[in-house]
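Chemist: I have a structure I would like to understand better, so I am pasting it below and will then ask my questions one at a time.
What follows draws every value from the coordinates through simple rules; no lab data is involved. Computed from a predicted structure; not experimentally measured. Neighbour counts run over all protein chains shown; Cβ positions are idealised from the backbone, glycine included.
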Amino acid sequence: MKQLFFKISSFLMAIVVLFSTMSFSIETHYCGDTMVDTAIFHKLETCGMEMKKSTDSSDCNVTIKDCCTDEQISIEGQDELNITFDTLAFDQQLFLTSFVFSYNTLFNSLEENAALYRDYITPLVIRQIYKLDETYII
């Protein structure tokens with residue numbers, strides 16, 4: 001039980017470290033006021049109504065307002081992880097170590113469950129007592 005607890009807690013800490021250092025961006029495509037698609041880790045799909053940008057060499061200089069807009073939200077993760085106990089005061093370090101020690105000892109009693117009936121040998125049945133006393137379960 002104690003080993004399972006440590007495996008789960010180390011797995012959760014790894015997930016916390018992974019998500020705190022990971023950077024990603026969320027992209028959304030709007031056609032007018034309607035959201036068409038949202039993408040996090042894949043290419044953004046559009047509605048197909050985007051206007052192509054006119055170049056200076058083109059003959060037509062007609063300007064049409066594009067109804068589509070793209071928004072991008074970038075979430076930056078941490079670059080460095082500094083795990084030190086130098087910033088904690090002695091009282092805080094004492095509290096932290098005593099808390100971890102007492103929390104770990106909570107699970108020691110679960111492993112020490114002694115089965116006292118394991119060595120018990122049931123007596124041999126010589127007579128069927130329920131027939132002698134004439135008691136039957138109905």
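Chemist: With labels modelled as points extended 7 Å from the Cα through the Cβ direction, what inter-label distance (nm, one decimal) is found for Phe95 paired with Asp79?
Modeler: Going by the 7 Å Cα→Cβ label model, 3.3 nm.
Chemist: Using R₀ = 41 Å, calculate the FRET efficiency as 1/(1 + (r/R₀)^6) where r is the Cβ-Cβ separation of Leu116 and Phe11; round to 0.05. Intermediate results must be reported in sequence, preceding the final value.
Modeler: Working: r = 36 Å, r/R0 = 0.88.
Result of the calculation: an efficiency of 0.70.
Chemist: Taking the simple approach of a point 7 Å from Cα along Cα-to-Cβ for both Cys31 and Cys67, what is their distance in nm?
Modeler: 0.8
Chemist: Then there's this: In terms of modelled amide H atoms, which long-range or inter-chain residues lie less than 5 Å from the amide H of Val36?
Modeler: His29, Tyr30, Cys31
Chemist: Now for a different question. Given the Cα-Cα distance of His42 and Phe19 and 0.36 nm per residue of separation, how much length would full extension add, in nm?
Modeler: Once the chain is fully extended between His42 and Phe19, it gains 6.5 nm.
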